[in-house]
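See below for the structure under consideration.
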Amino acid sequence: MSGDILLGVVIGAQGLSGEVKVKTFTAAIENLRGYGPLYAQDGREFIVASARPAKADIAVVRFKGVDDRNAAEALKGTELRVARDALPPTDDDDEFYHADLVGLRAEDAEGRTLGTVKGIHNFGAGDVIEIERADGGDIFLPFTRETVPTVDLKASCLVIAVQDDQAAEEEHGVE
């Protein structure tokens with residue numbers, strides 16, 4: 001699937017010379033500069049001049065043309081994206097980018113459609129998959145191998161392992 005990939009979000013300015021702190025969603029901070037220019041939703045382009053780790057998932061980044069604290073502070077909240085086709089292909093059928101899952105059909109082990117993958121989120125305690133149900137409601141589940149044992153990009157679907165207590169609650173209308 002094509003689309004944009006979110007690589008990071010500017011969370012604030014760092015120092016006085018225009019550097020910013022970026023929460024990264026990449027495996028390695030170096031990847032922020034490895035795919036070419038980054039861009040914001042509004043079309044602004046950012047070229048990474050330098051990037052260094054600050055914490056496990058935080059980088060201190062200098063963008064070309066951002067030369068002072070005021071310009072850096074103005075970027076707070078900016079999502080940094082790259083085109084999906086700028087990323088390298090995955091190595092095997094068991095690897096994928098989260099963006100590849102958006103739009104896939106979610107079904108239970110018996111092949112019944114539960115909904116469509118709306119997104120993969122991380123609110124701080126691990127990845128969560130959001131499934132949009134046909135009735136318009138959303139389901140949020142841990143995105144783990146136990147909850148999502150099968151991802152089949154070729155068939156455009158994934159399998160959600162519904163726990164017995166979840167199935168019983170849904171059957172009786174309890175949510």
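Each value in this text was obtained by applying a stated rule to the coordinates, not by laboratory testing. Computed from a predicted model, the values in this text were never measured in an experiment. Using ideal geometry, Cβ is built from the backbone for each residue, glycine included, and neighbour counts are taken over all protein chains shown.
Points to keep in mind about this one:
- Prolate/oblate/rounded call for the chain, Cα gyration tensor, a/c under 1.5 rounded: prolate
- Rounded to 5, percent antiparallel among DSSP beta bridges of the chain: 95 percent
- Furthest towards positive pole of dipole, Leu141, Ala13, Val82, structure part the chain, Cβ charges: Ala13
- Note that segment 35-40 has calculated 3J(HN,Hα) couplings of 10, x, x, 9, 9, 8 Hz, one per residue in order, obtained from phi through the Karplus relation 6.51 cos²θ - 1.76 cosθ + 1.60 (θ = phi - 60°); glycine and proline are x.
- Scanning residues 5 or more positions from Cys157 or on other chains, those with amide H under 5 Å from its amide H are Arg105, Asp152, with H placed 1.01 Å from N in the peptide plane.
- Lysines whose Cα lies under 21 Å from that of Lys55, excluding same-chain neighbours fewer than 8 positions away: Lys21, Lys23, Lys76
- Amide H contacts of Gln14 (H built 1.01 Å from N, under 5 Å, at least 5 apart or other chain): Glu19, Val20, Lys21
- Peptides 4-15, 110-121 ranked from most to least packed by the mean count of surrounding Cβ atoms within 10 Å: 4-15, 110-121.
- If only the Cβ of Lys and Arg carry +1 and only the Cβ of Asp and Glu carry -1, the dipole of the chain around its Cα centre is close to 1360 debye.
- 3J(HN,Hα) from dihedral phi, segment 19-26, Karplus parametrisation 6.51/-1.76/1.60, rounded to Hz, x for glycine, proline: 6, 10, 8, 10, 7, 9, 10, 9
- Amide H contacts of Asp57: none lie under 5 Å away among residues 5 or more positions distant or on a separate chain (H built 1.01 Å from N in the peptide plane; Pro and chain starts excluded).
- Karplus 3J(HN,Hα) series, Hz, for segment 68-79 with 6.51 cos²θ - 1.76 cosθ + 1.60 (x for Gly, Pro): 8, 4, 4, 5, 5, 5, 5, 8, 3, x, 6, 7
- Computed [θ] at 222 nm, helices only, for the chain once each DSSP H run of length n ≥ 4 contributes -39500 (n - 2.57): -2500 deg cm²/dmol
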